[in-house]
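Trainee: One structure, as structure tokens, below. Some questions next.
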Amino acid sequence: MRLLHTSDWHLGQTLHDFERTGEHRRFLDWLAATLEAQAVDALLVSGDVFDTANPPAAAQALLYRFLREAKARVPHLGIVIVAGNHDSPARLEAPAPLLQAFDACVVGQPRRHADGELDPAPLVVPLRNRHGSVAAWCLAVPYLRPGDVPRVETEGDAFAAGVAELYRQAYAHAASLRQPGQAIVAMGHCHMSGGQVSELSERRLVVGGAEALPADLFDAGIAYVALGHLHLAQRVGGRDDRRYAGSPLPMSFAEVDYPHQAVCVELDGERLQQVRSLRVPRFLDLLRVPEAAPAPVGEVLDALRSLNLPERPRDEQPLLQVRVRLDAPEPGLRASVEAAIAGKPLRLARIETSYPGRAADAVPGDAEAFEDLGRLAPEDIFRRVYERQFQGPPPAALLAAFAELLHEPEGAA
């Protein structure tokens, strides 16, 4: 049996106010064609289908268009989708009765019996091969919140223990159903210990006091674990059978060098036979100038002027991040950047500024308590913030401009 594992589509995402419908449409077209070319039996989507809990109509239309196209290309295809932390479980599950027509199973959240105990049955989904026979069972586990997991008495992390118990019960139920020769695979949307995070675009999953779940969470009898949440494709604990597929598109400029991919999984009976990475094409270029590190204004402007790019339609032009190192505020920086790229086939997404010696992540020990701010004049707050950021007093002209703004009559143009 052949599976394709993907995750973290984030349909409906915008990158610095630029919407990405075109990129997502091209990715889903590539995915549908890949399902056919690779003769895939089942598609596993491990969460964060949408970027927000209330996705725009265009994003929802992309999903349903893809399901129709995938099913037309691969009539026997089964699809399992679980919710991620960006998804609304209820919204994702709402069309489930209609999605059954596409052999698509959607799991937004775990279910409980009338007595409050976990019902593992809805989390266990049969996976059929091209002949219509059940060849594997899938533990379709979505993003879990503390209220979703069984309560476990433990001296350690109660949430991690509850997640392990949920997978244990789901695995036991699948094991009771499977016949000899049928594999068990698992899905999850979580942060596993040791996973490399993209800080600029992944919401941190801190629940129950736990930063990450232990790598030995899954039963040894599980042939493959298809994970979502971390955008960098990676193995868990160095194992081929425990993987994050990663996001198919860079969700921030920090991810431009990620090897975006889907994972093709071959099962031979109950065993994992082979895992292959299928690189996703880059459908839109993200440019960083300079690439390596921020540089002084003059160097950056020279680099921008020297850019030589091919002409493209507006919605296919690269998005640009400009990285500038400053010694003092540069009020005309944006105008200078825009002048340097005028007429070039690209779109300015962000100007990132940094200052030598600034400890951006430090928490100053001499900062005023929050309740003391009311006793400070706005000019004092402005002066202190400037001095902390630029290691020196603000220029007199800047103080005068601030005072003029501060005392400008309300409603003045």
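The values are calculated or read from the model by the stated rules, or taken from the named source; none is laboratory data. Since the model is a prediction, treat every value here as computed from it, not as a measurement. Methodologically, a virtual Cβ is constructed for each residue, glycine included, from the backbone with ideal geometry; neighbour enumeration extends over all protein chains shown.
Conditions tested, residue by residue: (1) of a type in the set (S, T, N, Q); (2) under 15 Å from residue 214 (Cα atoms); (3) crowded, with 21+ Cβ neighbours inside 10 Å.
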site: 142; (1), (2), (3): no, no, yes
site: 155; (1), (2), (3): no, no, no
site: 177; (1), (2), (3): no, no, no
site: 190; (1), (2), (3): no, yes, yes
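Trainee: Go through segment 209-243 and give me each residue that's part of a loop (DSSP other than H, G, I, E, B) and out of contact with any helix residue (DSSP H, G or I) (no Cβ under 8 Å at 6 or more places or on another chain).
Mentor: Passing the criteria: 211, 212, 215, 216, 220, 223, 229, 230, 233, 237, 238.
Let's see how each residue does on (1) farther than 26 Å from residue 183 by Cα; (2) modelled with pLDDT of 95 or more; (3) exposed (fewer than 15 other Cβ atoms within 10 Å of the Cβ); (4) not β-branched (Val, Ile, Thr):
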| site | (1), (2), (3), (4) |
| --- | --- |
| 240 | no, no, yes, yes |
| 245 | no, yes, no, yes |
| 248 | yes, yes, no, yes |
| 258 | yes, no, no, yes |
| 264 | no, yes, no, yes |
| 267 | no, yes, no, yes |
| 271 | no, yes, yes, yes |
| 280 | yes, yes, no, no |
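Trainee: With respect to the numbered conditions (1) loosely packed, with under 13 Cβ neighbours inside 10 Å; (2) closer than 13 Å to residue 289 by Cα, which one is the sole condition not fulfilled by residue 311?
Mentor: (2)
Trainee: Check whether at least one residue in segment 79-93 is out of contact with any helix residue (DSSP H, G or I) (no Cβ under 8 Å at 6 or more places or on another chain), within 21 Å of residue 31 (Cβ to Cβ) and among the small types (Gly, Ala, Ser), and report yes or no.
Mentor: Checked against the condition, which is being out of contact with any helix residue (DSSP H, G or I) (no Cβ under 8 Å at 6 or more places or on another chain), within 21 Å of residue 31 (Cβ to Cβ) and among the small types (Gly, Ala, Ser), segment 79-93 yields at least one hit.
Trainee: Is there a residue in segment 30-41 that is aromatic (Phe, Trp, Tyr) and not in a helix (DSSP H, G or I)?
Mentor: Checked against the condition, which is being aromatic (Phe, Trp, Tyr) and not in a helix (DSSP H, G or I), segment 30-41 yields no hits at all.
Trainee: Being exposed (fewer than 12 other Cβ atoms within 10 Å of the Cβ) and modelled with pLDDT of 80 or more is the filter here; which residues of segment 341-384 pass it?
Mentor: Hits for segment 341-384 are 342, 343.
Trainee: Might you let me know whether segment 180-189 holds any residue that is in contact with a Lys or Arg (Cβ under 8 Å, 6 or more places away or on another chain), in the same structural domain as residue 272 (by TED's automatic domain parsing) and closer than 20 Å to residue 217 by Cα?
Mentor: Looking through segment 180-189, at least one residue is in contact with a Lys or Arg (Cβ under 8 Å, 6 or more places away or on another chain), in the same structural domain as residue 272 (by TED's automatic domain parsing) and closer than 20 Å to residue 217 by Cα.
Trainee: Looking only at segment 215-235, filter to residues that are over 22 Å from residue 86 (Cα atoms) and free of Cβ contacts under 8 Å to residues at least 60 places away in the same chain; which one of those is surrounded by the fewest Cβ atoms within 10 Å (Cβ to Cβ)?
Mentor: Per the criteria, the residue is 220.
Trainee: So, one more: Residue by residue through segment 62-92, note down the ones that are in a helix (DSSP H, G or I), small (Gly, Ala, Ser) and surrounded by 14 or more Cβ atoms within 10 Å (Cβ to Cβ).
Mentor: Result: 70, single match.
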